[in-house]
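Visitor: Below is one structure. I have some questions about it.
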Amino acid sequence: MITLSIESSCDDTSLALFNNTTLLGVKTASQNQIHQAFGGVVPELAARAHNQNILPLYYELMSEFNFTIKDIELIVVTYAPGLIGSLLVGVEFAKTLSIINNIPLKKVHHLAGHLHAAHITQEVPYPFLGVVVSGGHTNIFIVEDIDKYRLVGYSLDDAAGEAFDKVAKMCNLGYPGGPIIDKLAQKYTKSEKIAFPRPMRNSTELHFSFSGLKTAVSTYLKNNPDYDVERVAASFQDAVIDSLFEKIKRAANEYNMSNIVISGGVAANSLLRKYISEQLPTHNIYLPSLKYCMDNGAMIGYIGVKLYEKYGADDPHSIHPKATETL
Ligand code: KG4
Ligand code: ZN
């Protein structure tokens with residue numbers, strides 16, 4: 001079964017092609033250059049760019065495999081959550097293709113996609129502790145099956161990726177901040193770090209909070225105008241990873257989970273990847289390949305095919321984008 005999948009919930013337009021659950025190819029149009037000047041995603045500009053990018057991207061991907069729309073047997077699209085204007089572009093594109101060509105359509109929740117990004121390249125057994133750490137989300141789920149999710153931890157304020165982006169903006173480093181801070185932190189080889197706070201670290205709850213840390217960095221920068229940016233990056237990153245690690249470990253113990261999936265853009269962080277695997281040697285840690293950590297059409301396609309196989313298609317007329325929607 002040849003499937004076309006579409007992701008447009010934030011600032012990446014990304015389309016993928018699958019043969020059953022085997023990924024054939026993925027193409028992504030990034031908008032980083034557009035949003036860089038603002039230090040974060042500007043929703044109206046994101047929607048306009050999706051609108052410009054989606055059709056050329058579709059033709060580019062299809063022509064690479066010599067496919068026409070007649071070859072497509074299933075279409076999968078992200079319908080929620082995300083920026084409404086961005087979601088609208090992908091959903092309307094998918095609905096149009098589906099209705100005009102009479103192709104089954106399956107809707108997918110964006111976080112279900114992230115939680116299955118590791119499955120694209122490896123076998124991951126259920127149940128697993130599914131952690132999504134991205135620009136919009138910091139959540140811990142118990143994932144019992146392709147359609148059974150229980151939210152057990154979440155951020156009370158900023159998402160982890162958002163904190164990376166905001167700290168990078170404060171230091172005038174550019175957007176997105178995560179990869180820039182990751183690289184700068186690697187350059188800082190001294191052991192002496194700034195003692196930034198680890199909010200919620202010692203609470204027994206499985207929730208996170210990153211806004212206090214962001215404020216602590218802002219205060220430090222104001223009080224130390226000649227700050228060492230590599231030291232700030234390394235110290236801030238340590239604080240985020242410490243906070244994430246503590247809750248992941250606690251959740252895995254509390255729910256007796258030996259399989260752990262870490263996904264979302266922040267799962268691309270080199271220290272996080274290394275630290276979690278080193279610190280939890282008796283657990284099975286599943287990390288998506290770097291290219292599937294960030295928003296992409298492949299993760300949406302994988303879980304869309306699985307859901308379609310189990311439940312069949314959705315009525316295209318009943319699919320509407322939603323800015324907020326629980327998994
Ligand atoms: O999953 P994603 O592409 O979009 C959302 O669904 O939000 O995640 C983007 C986020 C951004 O906040 C970005 O700064 C962060 O992931 N990110 C990283 C790294 N690469 C991307 N954060 C830390 N370290 C990285 N290497
Ligand atoms: Zn995402």
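Visitor: Quick one: grab Rg to one decimal and Dmax as a whole number for the chain, Cα atoms only, in Å.
Guide: Cα radius of gyration and Dmax of the chain are 19.8, 63 Å respectively.
Visitor: Ignoring any ligand, DNA or RNA, what whole percent of the accessible area of the range 125-287 comes from carbon and sulfur when the probe is 1.4 angstrom?
Guide: 48
Visitor: Using the per-residue mean of other Cβ atoms lying within 10 Å as a proxy for protection, in what order, highest first, do the peptides 117-125, 134-142 fall?
Guide: Final packing ranking: 134-142, 117-125.
Visitor: On average, how much accessible surface per residue is there in the chain, in Å², for a 1.4 Å probe, leaving out ligands, DNA and RNA?
Guide: 43
Visitor: Please report the equivalent ellipsoid semi-axes of the range 34-139, computed as sqrt(5 x eigenvalue) of the Cα gyration tensor, largest first, in whole Å.
Guide: Numbers: eigenvalues 121, 100, 36 Å².
Result for the range 34-139: semi-axes of 25, 22, 13 Å.
Visitor: Another one. Rank Val152, Val91, Tyr79 by how far each Cα sits towards the positive end of the charge dipole of the chain (+1 on Lys, Arg Cβ; -1 on Asp, Glu Cβ) and give me just the farthest.
Guide: Going by the Cα projections, it comes out as Val152.
Visitor: Within straight cross-link reach of Lys106, meaning Cα distance under 19 Å, which lysines are found once same-chain residues fewer than 8 apart are removed?
Guide: Cross-link targets: Lys70, Lys95, Lys148, Lys306, Lys310, Lys322.
Visitor: Please enumerate, by chain and number, the lysines with C-alpha under 25 Å from the C-alpha of Lys193, excluding those fewer than 8 residues away in the same chain.
Guide: Partners within reach: Lys166, Lys169, Lys183, Lys214, Lys222, Lys247, Lys249, Lys274.
Visitor: While we're on this one: Please state the charge dipole magnitude for the range 180-327, taken about the Cα centre, from unit charges on C-beta atoms (+1 on K and R, -1 on D and E), reported in debye and rounded to the nearest 20.
Guide: Roughly 320 debye, rounded to the nearest 20.
Visitor: Any chance you could list P(r) for the range 160-316, counting all Cα-Cα pairs in 10 angstrom bins from zero, rounded to whole %?
Guide: 10, 34, 32, 17, 6, 2
Visitor: While we're on this one: Show the residues, 5+ positions off or on another chain, whose built amide H is closer than 5 Å to the amide H of Val152.
Guide: Hits under the 5 Å cutoff: Ile140, Phe141, Ile142.
The values are calculated or read from the model by the stated rules, or taken from the named source; none is laboratory data. All figures in this text were calculated on a predicted structure; none of them were measured in a lab. All Cβ positions, even for glycine, are placed from backbone atoms using ideal geometry, and neighbour counts span all protein chains on display. Surface areas here come from the heavy atoms of the whole protein model, side chains and all, with no ligands, DNA or RNA. Shrake-Rupley method; radii C 1.70, N 1.55, O 1.52, S 1.80 Å.
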